[in-house]
Each structure stands twice: as structure tokens, then as C-alpha cells.
1. With respect to the numbered conditions (1) farther than 23 Å from Lys201 by Cα; (2) surrounded by fewer than 23 Cβ atoms within 10 Å (Cβ to Cβ); (3) modelled with pLDDT of 95 or more, which one is the sole condition not fulfilled by Asp156?
2. State whether one or more residues within the stretch 14-21 are surrounded by 16 or more Cβ atoms within 10 Å (Cβ to Cβ), at pLDDT below 95, more than 23 Å from Ala198 (Cβ to Cβ) and not hydroxyl-bearing (Ser, Thr, Tyr).
3. Is one or more of the residues making up the stretch 173-186 within 28 Å of Phe44 (Cα to Cα) and buried (at least 18 other Cβ atoms within 10 Å of the Cβ)?
4. For the stretch 194-212, how many residues are part of a loop (DSSP other than H, G, I, E, B) and surrounded by fewer than 17 Cβ atoms within 10 Å (Cβ to Cβ)?
5. Do we have Met195 as of a type in the set (A, V, I, L, M) and closer than 25 Å to Thr26 by Cβ here?
6. Go through (1) hydroxyl-bearing (Ser, Thr, Tyr); (2) part of a loop (DSSP other than H, G, I, E, B); (3) modelled with pLDDT of 95 or more one by one and return the number of the condition Tyr178 breaks.
7. Considering only the stretch 34-61, how many residues are touching a residue at least 40 places away in the same chain (Cβ under 8 Å), in a loop (DSSP other than H, G, I, E, B) and not polar (S, T, N, Q)?
Amino acid sequence: MTSQNADLVSEQAAGSRSLDKRYPITEEQIKSLHEKSWVSLPGFLDKADVSRIRDLLLDIPDRGFLSGPDSPDIDSTMLMLHDGTAFRNPKMMEFVTSPRITGAVVELMKVPEAVFVQDISFFKPVGTFEVPWHQDFSFWPFDRWGNLSIWIALEDMDDDMGVLQYLEGSHKEGPLGYIEVDRDIRDAYPQLRDMKVAGGKALKAGDAQAHWDITVHGSAANTGTRRRSALSVRFHRPDAIYNGIAHPHYDQFGMKPGQRFGDCPAIPRVGPNGVITD
């Protein structure tokens with residue numbers, strides 16, 4: 001292949017991954033999410049788009065603490081986090097509510113529309129700790145499960161960099177409650193030890209993986225030679241109700257317990273073509 005032809009192919013590939021173009025979700029991918037608790041989304045975004053978002057995040061201060069009942073402080077040299085950037089930065093909001101992302105979300109969730117509720121980045125330097133197996137559901141102020149996270153590689157990742165991994169079928173166990181960070185959730189629920197560990201494999205920048213809020217997941221330590229950079233974008237059903245649990249991200253919206261997230265003016269409603277404005 002000549003250099004000119006190679007450039008043309010590259011341009012065509014990038015065009016097919018435009019943020020305005022829907023990602024081609026397959027029936028097999030939908031089945032994987034609903035039966036295995038997670039799904040792989042190779043080539044989800046163009047490398048140039050994720051590079052731009054990575055640079056945007058690295059130009060702003062990190063959050064400095066982990067979400068949770070006690071919101072513990074964390075050293076940014078061990079894990080750098082940015083939470084809710086889209087709700088302060090129009091460029092990030094345009095990115096996370098683009099048809100490329102929202103079209104995949106509603107197809108995977110099998111709903112006509114969803115609400116975009118959170119974005120959070122995870123920059124994990126070399127030598128950082130593992131994240132133990134856990135469910136996200138117990139940390140968030142939702143009355144029901146069904147939140148979908150799309151975890152996007154912002155840089156190329158090798159197997160040894162702590163790529164997110166999952167216990168297949170674990171969402172079928174339902175919400176398992178808050179488990180202390182120093183306790184293995186599999187000690188509380190021994191049946192989880194029989195489940196297959198999936199994911200955790202090398203990804204290219206722009207590849208993604210998606211999982212439910214009750215999917216048991218975690219990540220190994222980054223023992224590679226480069227920082228691991230990822231962004232998680234989270235969506236829920238519009239009929240999910242705010243239950244009032246304190247949370248440093250969701251507290252900002254001024255919602256009342258019992259209010260639907262789809263009725264909160266600060267929470268974007270999205271469909272297959274991006275933000276719903278009516």
C-alpha cells in the first residue's frame with residue numbers, strides 16, 4: 001500500500017468514528033452486556049478525539065478524593081481523578097453527549113432514552129495499587145440499578161497496566177451492598193469466586209468496555225511502564241429516582257429525595273442522536 005493510500009484509509013477510518021456517527025452495536029454485544037455483565041466495544045472512538053479529551057482533563061485540577069460514604073482523600077501521585085468535568089466544561093459535555101456515545105448507550109441499555117449523570121477520569125501512574133472487586137451501585141444515590149458505565153481507554157493500554165476486569169454474570173446477583181475497601185467482596189459472597197474473570201486485556205486508545213452498576217469489577221495494579229489513562233461516562237434510566245444519599249458529585253444538582261433524574265433540568269436527557277431538547 002502506498003503512503004497516499006494509507007493516509008486515505010486512515011482518513012476513512014477516522015471518518016467512520018466521527019462523534020456524529022453512531023457506533024454499530026451488534027446483537028452479540030447487547031447479549032454480552034445483559035448476560036455476561038459487560039461488553040467490549042473495540043474502536044469505539046477515534047484516537048484524535050480521546051487524545052483531545054485526555055489533554056483537556058490533564059489541564060484542570062484533579063478532584064483529590066474517592067467517592068463513597070466517607071469520601072477519603074487520595075494522593076494524586078497514586079490515582080488522579082476528575083469528576084463531573086462535563087457539567088463545568090461545554091467541550092466535555094458536547095463530547096459525552098455526542099451521538100457516537102449516546103447512540104451506543106440506549107442500544108445497549110435497550111431503552112429509547114437515558115440521562116447522562118456523571119463522567120469521571122482515572123489516571124493511574126506506574127506502581128499504583130489494585131482496585132478491589134466491588135459494585136458501583138452502593139456508592140450512588142439511585143433507587144434502582146440500571147446505570148451503565150462506558151470505560152474508555154484514553155491511551156494505549158498493555159495487559160499489565162490494570163485494565164478494568166469483571167466477574168461474568170455477577171450483575172445477576174443483584175445489589176450486594178456496601179463492602180468496606182479492605183474486605184474482599186468474595187468473602188462476603190463466596191459464590192462470586194466461581195465466576196469467570198473477564199476483561200483486563202490490552203486496549204488501544206479509543207477502545208471501550210461497558211458494564212452495569214451492579215457488575216462486580218476491579219482492576220489490578222499498574223505494573224507496566226506507562227500511566228494508565230481512562231474515562232468513564234455514566235448513564236441511567238430517566239425514571240431512576242434520587243434517594244438522597246450524600247455524594248460529592250450528585251449533591252450539586254439540588255435534587256429532592258423522590259425526584260426523577262429525568263425531571264432534573266441540570267441532567268441532560270439523551271437519545272440515539274444526542275441530547276434531547278424538547
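1. Asp156 satisfies all of (1) farther than 23 Å from Lys201 by Cα; (2) surrounded by fewer than 23 Cβ atoms within 10 Å (Cβ to Cβ); (3) modelled with pLDDT of 95 or more except (1).
2. yes
3. So far as the stretch 173-186 goes, no, none of its residues is within 28 Å of Phe44 (Cα to Cα) and buried (at least 18 other Cβ atoms within 10 Å of the Cβ).
4. 4
5. It is true that Met195 is of a type in the set (A, V, I, L, M) and closer than 25 Å to Thr26 by Cβ.
6. Failed condition: (3).
7. Total meeting the criteria: 5.
Okay, residues lined up against (1) in contact (Cβ under 8 Å) with a residue 12 or more places away in the chain; (2) part of a loop (DSSP other than H, G, I, E, B):
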site	(1), (2)
Ile214	yes, yes
Gly218	yes, no
Gly224	yes, yes
Leu231	yes, no
Phe235	yes, no
Pro248	yes, yes
Gly258	yes, yes
Asp278	no, yes
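The values are calculated or read from the model by the stated rules, or taken from the named source; none is laboratory data. Note that this is a predicted model, so its numbers are computed, not measured. Using ideal geometry, Cβ is built from the backbone for each residue, glycine included, and neighbour counts are taken over all protein chains shown.
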